[in-house]
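What follows is a single structure, written as structure tokens, with notes after it.
The values are calculated or read from the model by the stated rules, or taken from the named source; none is laboratory data. Bear in mind that the values here come from a model prediction, so they are computed numbers and not experimental data. Methodologically, a virtual Cβ is constructed for each residue, glycine included, from the backbone with ideal geometry; neighbour enumeration extends over all protein chains shown.
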């Protein structure tokens with residue numbers, strides 16, 4: 001049924017202010033067909049009076065792991081059934097935090113891609129997925145994690161050469177991936193490497209980029225160490241995930257190339273706050289060792305004019321799906337962004353990175369009606385996005401408990 005939302009204060013995802021007393025008309029397909037101020041001359045179908053509440057675009061999170069849980073322990077082996085169950089549960093939690101679209105950055109058995117295919121077929125609603133499937137990792141590197149009840153599978157595509165990488169990208173393409181995740185460096189969460197270990201070669205990353213870009217897919221690089229960041233940028237990836245040891249020259253190169261930075265501030269913050277004595281010692285040690293330089297570099301990078309988007313690395317310790325995205329948006333302001341800039345990272349910018357900005361990320365005629373309704377103005381106080389009882393509309397339909 002066509003519905004018209006009346007008397008909203010609208011943040012459209014473009015302008016840095018609210019538009020007062022706005023209406024939006026949404027058709028049966030969840031697309032905005034009319035938008036203006038006051039009350040339209042004719043109103044067909046259902047009307048919803050928002051009584052001056054604030055409407056913002058549905059939020060986006062471009063770095064999640066919907067297979068994981070914030071209480072997981074390293075070495076946990078999950079079957080495909082368990083991964084799917086967790087993913088569906090986490091997607092529901094994301095939606096109620098106002099997150100209407102995600103890019104998943106590594107999922108065992110390609111479950112994220114398989115769920116995305118069901119969504120495209122109209123058989124599954126809720127938060128939409130840009131799936132990456134299994135990430136590309138070296139043997140023993142970040143992403144080499146046995147899965148399956150008996151360890152018969154692995155989170156990552158384990159590669160030893162550029163030809164292995166080419167095959168892995170094509171396998172994910174066959175499943176229906178929209179993004180390819182490469183593990184260029186070690187990481188805080190992996191037991192057998194350090195964050196500045198360089199793992200994939202420049203040739204391997206370049207082949208991943210060439211294959212992905214030739215098939216309209218993007219490439220996200222897990223790159224924490226400086227050398228891995230450099231190799232990833234030279235190979236032409238679309239986004240640097242984490243970027244702990246990024247330097248000034250790399251920031252300039254990213255600006256020149258249009259590469260996105262996805263800082264994922266939440267894992268470092270949550271492990272630092274809650275992890276001592278609970279997470280494995282190596283995780284706490286590595287996290288403590290990078291926190292100061294990580295935050296320093298993120299403040300510099302995010303305020304440099306670089307492209308950026310909001311991602312949380314959800315599924316890491318204490319870093320869940322229920323409030324994680326809105327927590328990350330607040331953390332972005334602690335790095336020096338204005339509330340407006342932080343919101344762009346979870347709306348317009350994220351949509352551009354995922355190459356879906358023709359239909360998502362802003363609110364205008366012809367765009368999908370993914371809406372979040374808030375009591376207060378997040379452009380004035382960014383904490384407004386953390387409202388626990390916010391209303392979330394996916395394609396114009398209210399998300400129910």
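A single member of 271, 293, 300, 356 is farther than 19 Å from residue 188 by Cβ and not in a loop (DSSP other than H, G, I, E, B), and it is 300. Of all residues in region 238-269, those that are touching a strand residue (DSSP E or B) at 6+ places or on another chain (Cβ under 6 Å), touching a residue at least 40 places away in the same chain (Cβ under 8 Å) and under 26 Å from residue 317 (Cβ atoms) total 8.
In region 302-313, the count of residues that are at pLDDT 95 or above, more than 24 Å from residue 15 (Cβ to Cβ) and in contact with a helix residue (DSSP H, G or I) (Cβ under 7 Å, 6 or more places away or on another chain) is one or more.
Within region 176-216, count every residue that is farther than 22 Å from residue 160 by Cβ and touching a strand residue (DSSP E or B) at 6+ places or on another chain (Cβ under 8 Å).
Start the filter on region 176-216 by keeping residues that are farther than 22 Å from residue 160 by Cβ, which leaves 176, 178-179, 188-189, 195, 213-216.
Those still in the list that are touching a strand residue (DSSP E or B) at 6+ places or on another chain (Cβ under 8 Å) too: 178-179, 189, 195, 213.
So the answer is 5.
Taken across region 115-126, residues that are closer than 24 Å to residue 264 by Cα, in the same structural domain as residue 209 (by TED's automatic domain parsing), under 16 Å from the mean Cα position of the chain (by Cα) and part of a loop (DSSP other than H, G, I, E, B) do occur, with at least one present.
Output the number of the condition that residue 166 fails; it satisfies all remaining conditions of (1) outside any loop (DSSP other than H, G, I, E, B); (2) within 30 Å of residue 98 (Cα to Cα). Just one mismatch for residue 166, condition (2).
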